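The values are calculated or read from the model by the stated rules, or taken from the named source; none is laboratory data. All of these numbers come straight from a predicted model, not from anything done at the bench. When we count neighbours, we look across all protein chains shown, and the Cβ atoms used for this are built from the backbone with ideal geometry, even at glycine. When the accessible area is computed, the model is the full protein with side chains, heavy atoms only, and any ligands, DNA or RNA have been set aside. Shrake-Rupley method; radii C 1.70, N 1.55, O 1.52, S 1.80 Å.
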Amino acid sequence: MTILNETQQDAAREDDGKYLVELEHVEKHYGNLHVLRDINLKVKKGEVLVIVGPSGSGKSTMCRTINRLETIDSGVIRIDGQPLPQEGKALAQLRAEVGMVFQSFNLFANKTILENVTLAPIKVRHMDKTQAEREAMDLLARVGVDSQANKMPSQLSGGQQQRVAIARALAMHPKVMLFDEPTSALDPEMVNEVLDVMVELAHEGMTMLCVTHEMGFARKAADKIIFMADGQILERGTPDEFFEHPQTARAQEFLSKILTH
Ligand SMILES: Nc1ncnc2c1ncn2[C@@H]1O[C@H](COP(=O)(O)OP(=O)(O)OP(=O)(O)O)[C@@H](O)[C@H]1O
Ligand SMILES: [Mg+2]
């Protein structure tokens, strides 16, 4: 299975070493809650970063600031060298470069699978409908759900819907993909079909930030792991460093909890 076509794979591999996502001294509060504390993070082109940490540690909030679904109080976020625009057309354009897949399947319920995938390329990228449909069918085939193209989302299994959500994000030709617990709402037997697509994307050079509790995926696909607790990045390292030699008591406790299940 390949998901990206050759041109996209070549593009993904060009300029390895350039930072696609940068967060510098990012701070955010929700009222009295200091939800992000001095977050510093750089993700290189083609790199796969896995974000782990206890519930409420700020993982989703951090992801949401990266495509500006959430604002920040201070600090800088850059995508491919460009600071995140405040609003307007520039923001819409930048957002189009960051694909996002959430825990809940947020497909448009009243549109077919094919329409779900073609909508944004036609509306935002002004792609010709025939071409958008051709690309969409190609992407749906690559994630293994092309036979479902004319169905409505509710007629698909959770795993199929989540693969459509990935195809929909990829249809915008994003520079970066953000995944926020994309498998945690799935029945166990459907988890792997989604993780397989993510592993394949990672191997093909897509730059990815993934919040996940799937430690098998983290070991297999991550270049780097960060561990967050209480709005801070407490640890960062390779999967081996993190899993074999966690430095902080918080991370050791977290790992002992999740690895015993
Ligand atoms: N819109 C909001 N308004 C106020 N507080 C919020 C809001 N969104 C999140 N929070 C709080 O911010 C903290 C971090 O939430 P966040 O969703 O980022 O955590 P998380 O690490 O993704 O947790 P989980 O593993 O449960 O998904 C939590 O205490 C949460 O209750
Ligand atoms: Mg979350």
| task | Label the chain by shape, choosing from rounded, prolate and oblate, from the square roots a ≥ b ≥ c of the eigenvalues of the Cα gyration tensor; if a/c is under 1.5 it is rounded, and otherwise prolate applies when a/b is larger than b/c, oblate when it is not. | result | prolate
| Using Cα atoms only, what is the angle between the long axis of helix 249-259 and the major principal axis of the chain, expressed in degrees (0 to 90) to the nearest 10? | 40
| request: Compute the accessible area per residue over the chain, keeping the other protein chains in place, probe 1.4 Å, unit Å². | output: 47
| query | Under the Karplus relation 6.51 cos²θ - 1.76 cosθ + 1.60, θ = phi - 60°, what is the ordered set of whole-Hz ³J(HN,Hα) values for the range 41-55, x standing for Gly and Pro? | reply | 7, 10, 10, 7, 4, x, 7, 10, 10, 9, 10, 10, x, x, 4
| field | Cut-off under 5 Å, modelled amide H: who pairs with Met100 long-range | value | Leu178
| Among all the aspartates and glutamates, which ones have a C-alpha under 18 Å from Lys111's C-alpha, if same-chain residues fewer than 8 places away are not counted? | Glu133, Glu135, Asp146
| field | Simple label model, 7 Å out from Cα along Cβ direction - Thr7 to Glu253, nm | value | 5.2
| At a 1.4 Å probe radius, carbon and sulfur cover how many percent of the accessible area of the chain? | 47
| Top of Thr248, Thr65, Thr207 by mean-square fluctuation, Gaussian network on the chain, Cα under 10 Å | Thr248
| task | Only Cα pairs under 8 Å and at least 6 apart count here; give the relative contact order of the chain as a rounded whole percent. | result | 27
| message | With every atom except the alpha carbons ignored, what do you get for Rg and Dmax of the range 123-194, in angstroms? | response | 12.8, 38
| Formal net charge of residues neighbouring Lys59 (Cβ-Cβ distance under 12 Å; K, R +1; D, E -1) | -2
| field | Distance violations [Cα-Cα > 32 Å] among Lys45/Lys129; Lys44/Lys151; Lys28/Lys224; Lys175/Lys220 | value | Lys44/Lys151
